[in-house]
Amino acid sequence: MSGRFSEEAMTRAMREIASGLEVPTEDARLLRLTNNAVFALPDSGLVIRIARTHRLRDRVTKVVQLARWFAELDAPTIRLAPGVAQPVTVGDLAASVWTYVPPAAPTPTVDDLGSVLRRFHALGPPPFPLATWDPIGDARRRLADADGLSAEDHDYLVTWCDRLEPQVADLNQRAEQSLIHGDAHVGNLLRDASGGILLCDFDATCLGPWQVDLAAVAVGEARFGKTGAHRALAKAYGYDVMSDRNWPLLREARELKMIAAATPLLASSASVAAEFAKRLQSVSRGDHGLRWKPFADLV
């Protein structure tokens, strides 16, 4: 399928960015094609990460600012590529460029996630303004940039947003505001050459209830069938989010994110469009037993 954010369009953008950096692309490898197109250029020691939606391009600026602060603190996070003026723009797309971290064994686990999240949450708020957790606003921006979304599905998602929005606002008022990653799962961990664990992907990083960062694994286990992951994370972190009084809202907010995130990509991938339809149908019917497939495995 073709579209504004197709693999072909992202590959062209990656090559244009690489040309501006005067690095070759013969070894370029697509690592991920979900909310962002992520390309590794191992020979140059770089990763190019291109946002696949115009409405959220401000996130790239935020991510760059956060990454510079993380480097100052020597936080357990990946690093921006040195000597590159960031963010990088190509046409109406925005991108960031990172230092490539070669794969290293053993593969990060949920135990690693629990440990690194405790360190991350302890960093406290940054010395610059950072948005409050707003999964509804994020979903609405995705919908505004939708490509191939039917009117019926659009209306359902808008109604879902309308219902959850006051509940999220109430939780934000009641909860202690902490630095949260916003998309904390094992897929956003890397192991460096020394064996240390690094967090990546700070698109959703914000201030909000720290329990948000424990919800992704719990919802992922329920929807993707990854048995045992939630229990291991709860043990490693020291808290079981499913026992939290706000768990039903945290679960719904995560599921909304996992569905709305695909709306700008429906015209670019038939498999993503089919999985989107299955997810939305399972939520609308209250079917908690239907297993989902990760979008990253379909593209």
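The values are calculated or read from the model by the stated rules, or taken from the named source; none is laboratory data. Being a predicted model, the structure only gives us computed values, none of them experimental. Cβ coordinates were reconstructed from backbone atoms using ideal geometry, including for glycine residues, and neighbour counts include every protein chain displayed.
Looking only at residues of the stretch 81-100 that are more than 25 Å from Ile197 (Cβ to Cβ) and of a type in the set (Val, Ile, Thr), we find that the one that is modelled with the highest pLDDT is Val88. All of Arg254, Arg245, Arg223 fail the test of being within 23 Å of Asp134 (Cβ to Cβ) and without any contact (Cβ under 8 Å) to a residue 12 or more places away in the chain, apart from Arg245. Selection of the stretch 10-24 for residues being within 29 Å of Arg142 (Cβ to Cβ) and either in contact with a strand residue (DSSP E or B) (Cβ under 7 Å, 6 or more places away or on another chain) or not assigned by TED's automatic domain parsing to the domain that holds Arg57 (or both) yields Met10, Ala13, Met14, Glu16, Ile17, Ala18. Among the residues examined, Ala216 qualifies as out of contact with any strand residue (DSSP E or B) (no Cβ under 6 Å at 6 or more places or on another chain), closer than 22 Å to Thr77 by Cα, buried (at least 18 other Cβ atoms within 10 Å of the Cβ) and in the same structural domain as Asp134 (by TED's automatic domain parsing).
One line per residue, one yes/no per condition, for (1) at pLDDT below 95; (2) assigned by TED's automatic domain parsing to the domain that holds Ala234:
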| residue | (1), (2) |
| --- | --- |
| Arg79 | no, no |
| Ala105 | yes, no |
| Gly114 | no, yes |
| His121 | no, yes |
| Gly124 | yes, yes |
| Asp134 | no, yes |
| Ala144 | yes, yes |
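Restricting attention to the stretch 25-73, the residues that are of a type outside the set (Gly, Ala, Ser), outside any loop (DSSP other than H, G, I, E, B) and under 18 Å from the mean Cα position of the chain (by Cα) add up to 21.
Scanning the stretch 247-286 for residues that are over 17 Å from Gly220 (Cβ atoms) and in a loop (DSSP other than H, G, I, E, B) yields Leu266, Ala267, Ser268, Ser269, Arg285, Gly286. Looking at the stretch 223-246 only, could you name the residues that are assigned to a helix (DSSP H, G or I), in contact with a helix residue (DSSP H, G or I) (Cβ under 6 Å, 6 or more places away or on another chain) and over 20 Å from Leu290 (Cβ atoms)? Of everything in the stretch 223-246, those that are assigned to a helix (DSSP H, G or I), in contact with a helix residue (DSSP H, G or I) (Cβ under 6 Å, 6 or more places away or on another chain) and over 20 Å from Leu290 (Cβ atoms) turn out to be Ala232, Leu233, Ala236, Tyr237, Val241. The one condition from (1) modelled with pLDDT of 90 or more; (2) part of a loop (DSSP other than H, G, I, E, B) that Thr11 does not meet is (2). Among the residues of the stretch 272-291, those that are in contact (Cβ under 8 Å) with a residue 12 or more places away in the chain and over 24 Å from Ala144 (Cβ atoms) comprise His288, Leu290, Arg291.
Against the list (1) closer than 23 Å to Ala216 by Cα; (2) modelled with pLDDT of 95 or more; (3) buried (at least 19 other Cβ atoms within 10 Å of the Cβ), the condition Ile48 fails is (1).
Within the stretch 17-30, track down each residue that is farther than 11 Å from Leu93 by Cα and either surrounded by 15 or more Cβ atoms within 10 Å (Cβ to Cβ) or among the aromatic types (Phe, Trp, Tyr) (or both).
Going through the stretch 17-30, the residues farther than 11 Å from Leu93 by Cα turn out to be 18-30.
Within the stretch 17-30, Ala18, Leu21, Val23, Thr25, Ala28 qualify.
Of the residues contained in the stretch 114-130, none is found to be surrounded by fewer than 17 Cβ atoms within 10 Å (Cβ to Cβ), free of Cβ contacts under 8 Å to residues at least 12 places away in the same chain and in a helix (DSSP H, G or I).
Only one entry of Asp147, Asp201, Asp162, Asp213 meets the criterion of being part of a helix (DSSP H, G or I) and farther than 16 Å from Thr109 by Cα, and that entry is Asp162. Picking from residues in the stretch 245-274 that are crowded, with 20+ Cβ neighbours inside 10 Å and of a type in the set (D, E, K, R), the one that is farthest from the chain's Cα centre (by Cα) is Glu255.
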